[in-house]
Amino acid sequence: MVQKILMICLGNICRSPIAEVVMVDTLEKANKKNVVVDSAAIGSWHVGNRADPRAISTLAQHDLKCTHIVRQIKKQDFAEFDYIFGMDEDNMSELRRLAPKGSKAELLMLGDFGLEAKNRIIEDPYYESGAAGFETAYQQCVVACAAFMKERLV
């Protein structure tokens, strides 16, 4: 059985593409098969673009490649994906609002896996200058993706 994971953030150019690439890497390193990972945006501002250059650069510093093209979440995603992850409380609130009744997808906050309560929000680094916030988001995703895999993808 194939399981499907969708990472969500506001614009799909910072946190969710990082989370997508990290989850794929985590699964590959653990030799977990039959898991599909994608990412999408709450909003449509960046649809058709690539991830923020700082996200791509941060991933490249860890020998990871991001080729994702931004897309916006659609109602069908709630039926097709098993798990849909938000990065912060605003994402989660919006996901709950968008989810059709009877959705298959379990809505989860990525930071609830493996991170301390005070660090469970994966902050949006978009408006920060430099790439430090992208590295922080990457490190949080590494911990959270590994913890989720161990807890839920047995």
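The values are calculated or read from the model by the stated rules, or taken from the named source; none is laboratory data. Computed from a predicted structure; not experimentally measured. Backbone-built Cβ (ideal geometry, glycine too); neighbour counts: all protein chains shown. Side chains included, ligands, DNA and RNA excluded: accessible areas come from the protein's heavy atoms. Shrake-Rupley method; radii C 1.70, N 1.55, O 1.52, S 1.80 Å.
Comparing mean-square fluctuations of Ile121, Ile13, Ile84 from a GNM of the chain with C-alpha springs under 10 Å, the top value falls on Ile121. Between the DSSP loop rule and a limit of at most 10 other Cβ atoms within 10 Å, which trypsin sites (Lys or Arg not before Pro) in the range 96-129 are left? In loop regions of the range 96-129 (DSSP not H, G, I, E or B), the sparsely surrounded trypsin sites (Lys or Arg not before Pro) are Lys101. Shown here are the Rg and Dmax of the Cα trace of the chain, at 14.1, 43 Å.
The stretch between Ala132 and Glu89, if pulled fully straight at 0.36 nm per residue, gains 13.3 nm over its current Cα-Cα span.
Return the single residue from Asn91, Asn12, Asn119 with maximal mean-square fluctuation; model: Gaussian network over the chain, springs between Cα atoms under 10 Å. Ranking Asn91, Asn12, Asn119 by mean-square fluctuation puts Asn119 first. Heavy atoms of the protein chains alone define the surface here; on that basis the chain has 51 Å² accessible area per residue at 1.4 Å probe size. Our summary gives the chain a relative contact order of 28 percent, counting only alpha carbon pairs under 8 angstrom and 6 or more residues apart. Note on Trp45 and Glu28: their simple-model spin labels are 3.0 nm apart, each label 7 Å out from Cα toward Cβ.
Across the range 102-154, Cα pairs under 8 Å and at least six residues apart give a relative contact order of 43 percent. Counting only protein heavy atoms and a probe of 1.4 Å, the accessible surface of the chain is 50% carbon and sulfur.
Protein-only accessible surface at a 1.4 angstrom probe places the residues Asp77, Asp90 in the order Asp90, Asp77, largest first. Show that you can apply the helix-only estimate: for the chain, add -39,500 (n - 2.57) for every DSSP H stretch of four or more residues, divide by all residues, and state [θ] at 222 nm to the nearest 500. Taking each H run of at least 4 residues, the total per residue is -11500 deg cm²/dmol. Among Leu98, Leu107, Leu59, the largest mean-square fluctuation in a Gaussian network model of the chain (Cα springs under 10 Å) belongs to Leu98.
Cα convex hull, the range 42-133: 132 Å³ per residue, rounded to a whole number.
The loop-placed GluC sites (Glu not before Pro) in the range 87-154, going by DSSP, that have at most 10 neighbouring Cβ atoms within 10 Å of their Cβ come out as Glu116.
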